[in-house]
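Peer 1: Handing you this structure, nothing more for now.
The values are calculated or read from the model by the stated rules, or taken from the named source; none is laboratory data. In this text the structure is predicted, and so the values were computed from the model without any measurement. So basically every Cβ, Gly included, is an ideal-geometry build from the backbone, and we count neighbours across all protein chains shown. SASA here: full protein model, heavy atoms, side chains in, ligands and nucleic acids out. Shrake-Rupley method; radii C 1.70, N 1.55, O 1.52, S 1.80 Å.
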Amino acid sequence: MIIAIANQKGGVGKTTTALNVSAALAFMGKNTLLVDTDPQGHSTVSCVNDPHRYGKSLYNVMVNRQEKIENIIVKSTIPGLDVAISKISMAKLEPSLLGEIDGHFRLKDVLENVKKKYKFIIIDTPPTLGLLTLNALVAADAIIIPIQSSYLCLEGTDDLLETIDKVKRVTNTNLRIIGVLITLHDKRTNISKDVVKRIKKVFGKKVFNTYISRSVKLEESPAYKESIFTYAPYSVGVLQYKKVVEEIIRRAKN
Ligand code: ADP
Ligand code: MG
């Protein structure tokens, strides 16, 4: 199953979710590939040793059909997890594919070659609704939308939902939102209760029962190139991301 983590807002926990959901799946013994489509390469930097030693990235594979995706998939520092790496060159993708009629389908085509090898492919996306995110939505079976538990959390979700609908209409009929994940939650504040209510009003049952709390350990772990599961095995983040992954697996079966 291919799952894109998408929300064109930055700082909502996409990368944190991509890393820790992938880590949990890998930990459970499921063959998992994390695909980093963000030119900022935060996922890559957070779980690949010395990523600059690699000359090529997903960019080369998406632009040039002769390049093999296997050459840009590396072992991450997270046990059992492979990563298709991003570099800043990914930012050139949009101009490079300008006028290419299959520009939206490149990631889907590229993943076709490794799909059988992995039980789960998790795609981290950039904070835009540009060509890279569109490629992720076209390639995916399902989407997780992380939403930060904050006052302006729902701003922009209309555009995201519209884009998802368009992709469904034009090419990927079976694409579905597998869940909306409330992140950076702080249950002590009154505003967060109100925010959860508003998110549930829009997304109803799509909202995962588990929320991800604001936690220093979750913020720290990427700096040590670890997932939360090894960095702070007894933390609340472990408990919550484990529960979310159980929800994902349950929903994936339906
Ligand atoms: P995005 O990929 O959507 O831009 P990130 O996952 O990079 O978001 O998160 C933005 C920032 O917030 C990062 O510094 C990250 O470490 C931090 N962060 C994300 N989730 C949490 C959390 N649950 N608790 C504390 N910090 C978090
Ligand atoms: Mg990110």
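Peer 1: I'd like to check something: does the range 199-209 contain any residue that is farther than 22 Å from Gln8 by Cβ and open to solvent by 10 Å² or more (accessible area, probe 1.4 Å)?
Peer 2: yes
Rundown of residues vs (1) more than 16 Å from ligand 2 (Cβ to nearest atom); (2) touching a residue at least 40 places away in the same chain (Cβ under 8 Å), yes/no style:
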| residue | (1), (2) |
| --- | --- |
| Arg176 | yes, no |
| Ser213 | yes, no |
| Pro222 | no, yes |
| Arg251 | yes, yes |
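Peer 1: Any residue at all in the range 236-245 that is within 15 Å of Val12 (Cβ to Cβ) and either modelled with pLDDT under 95 or surrounded by fewer than 19 Cβ atoms within 10 Å (Cβ to Cβ) (or both)?
Peer 2: no
Peer 1: A further question on this structure: Which residues, taken from the range 98-131, are assigned to a strand (DSSP E or B) and within 16 Å of ligand 2 (Cβ to nearest atom)?
Peer 2: Ile122, Ile123, Asp124
Peer 1: Moving on. Condition first: in contact (Cβ under 8 Å) with a residue 24 or more places away in the chain and open to solvent by 60 Å² or more (accessible area, probe 1.4 Å). Now tell me which residues in the range 226-235 satisfy that.
Peer 2: Those that are in contact (Cβ under 8 Å) with a residue 24 or more places away in the chain and open to solvent by 60 Å² or more (accessible area, probe 1.4 Å): Glu226, Thr230.
Peer 1: Quick check: is even one residue across the range 167-188 crowded, with 18+ Cβ neighbours inside 10 Å, part of a helix (DSSP H, G or I) and within 16 Å of ligand 1 (Cβ to nearest atom)?
Peer 2: no
Peer 1: Continuing with the same structure: Sort through Lys108, Lys92, Lys87 and tell me the only one that's in contact (Cβ under 8 Å) with a residue 24 or more places away in the chain, of a type in the set (D, E, K, R) and within 30 Å of Glu220 (Cβ to Cβ).
Peer 2: Checking each option against the conditions leaves just Lys87.
Peer 1: State all residues of the range 1-24 that are more than 11 Å from ligand 1 (Cβ to nearest atom), under 13 Å from the mean Cα position of the chain (by Cα) and buried (at least 23 other Cβ atoms within 10 Å of the Cβ); if no residue qualifies, say none.
Peer 2: Ile3, Ala4, Val21, Ser22, Ala23
Peer 1: Okay, next question. If we keep just the residues of the range 210-225 that are surrounded by fewer than 20 Cβ atoms within 10 Å (Cβ to Cβ) and farther than 18 Å from Lys243 by Cα, which is nearest to ligand 1 (Cβ to nearest atom)?
Peer 2: Ranking the candidates gives Glu219 first.
Peer 1: Limited to the range 142-156, what total is found for residues that are over 18 Å from Ser213 (Cβ atoms) and open to solvent by 10 Å² or more (accessible area, probe 1.4 Å)?
Peer 2: 4
Peer 1: I'm trying to understand the selection: among the residues of the range 73-97, which are part of a strand (DSSP E or B) and surrounded by 24 or more Cβ atoms within 10 Å (Cβ to Cβ)?
Peer 2: Answer for the range 73-97, where residues must be part of a strand (DSSP E or B) and surrounded by 24 or more Cβ atoms within 10 Å (Cβ to Cβ): Val83, Ala84.
Peer 1: Exactly one of these conditions fails for Ala139: (1) surrounded by fewer than 22 Cβ atoms within 10 Å (Cβ to Cβ); (2) over 24 Å from Ile212 (Cα atoms). Give me its number.
Peer 2: For Ala139, the exception is condition (1).
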